[in-house]
1. Using amide H atoms built in the peptide plane, which far-off residues or other-chain residues are under 5 Å from Gly103 H to H?
2. Can you tell me, using C-alpha contacts under 8 Å and at least 6 residues apart, the relative contact order of the chain as a whole percent?
3. Using the crude model of +1 on Lys and Arg Cβ and -1 on Asp and Glu Cβ, and no other charge, please compute the dipole size for the chain relative to its Cα centre, in debye to 20.
4. DSSP beta bridges in the chain, what fraction antiparallel, as a percent rounded to 5?
5. Report ³J(HN,Hα) in whole Hz for each residue of the range 49-64, in order, from the Karplus equation J = 6.51 cos²θ - 1.76 cosθ + 1.60 where θ = phi - 60°; Gly and Pro get x.
6. With a 10 Å cut-off between alpha carbons and a GNM built on the chain, which of Gly37, Gly57, Gly103 moves the most?
7. What residues have an amide H closer than 5 Å to that of Glu54, excluding those fewer than 5 places away on the same chain, when H is modeled at 1.01 Å from N in the peptide plane?
8. Rank Gly103, Gly37, Asn68 by how far each Cα sits towards the positive end of the charge dipole of the chain (+1 on Lys, Arg Cβ; -1 on Asp, Glu Cβ) and give me just the farthest.
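Every read-out reported here was derived from the displayed coordinates using simple, explicitly stated rules and does not represent laboratory data. Being a predicted model, the structure only gives us computed values, none of them experimental. Cβ atoms come from the backbone with ideal geometry, glycine included; neighbour counts cover every protein chain shown.
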Amino acid sequence: MATTLTILACKPTISEQTCKSFRVGKFAFRPTGGPAGLSYLIDRNDSIQTETEEQTGYVTTLRVKWVNSCTYQLSYLSSTKVLPESVQRLRKAVPLTTEIMAGNERYYIFRSQRTSVEPIFVDTIWVRH
């Protein structure tokens, strides 16, 4: 209980207007702790997001559903990368919920989780101009 209260007390705040500025745009993502050189180019409109893996050219298309100003869900639609059927089923059945926790005109820090039993990912997405 004390740990939960500490986490909530330390949670960064972000304005709804700042979050709304990330609904549409071009972004870059380099996963912290991922393989060296792994990076994605992200193009998002209000309801569709495409992610291009820069090294391979694989493109994944996702549906974006905004839960509130600072939280959205990504649901898998398709990919040019061949994925096992079990992975495709999971990605289609269970959306990835992402909360924008902090940000400015150059980047935002997010927290993503597929389900309560899987790891929570916290990382940064950068704005491309």
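1. Ile109
2. 21
3. Here the size comes out at about 180 debye.
4. The antiparallel proportion sits near 100 percent.
5. Calculated HN-Hα couplings, in order: 10, 10, 10, 10, 6, 4, 6, 10, x, 4, 10, 10, 10, 10, 8, 10 Hz.
6. Among Gly37, Gly57, Gly103, the largest GNM mean-square fluctuation belongs to Gly37.
7. Ser39, Tyr40, Leu41
8. Result: Asn68, furthest along the dipole toward the positive end.
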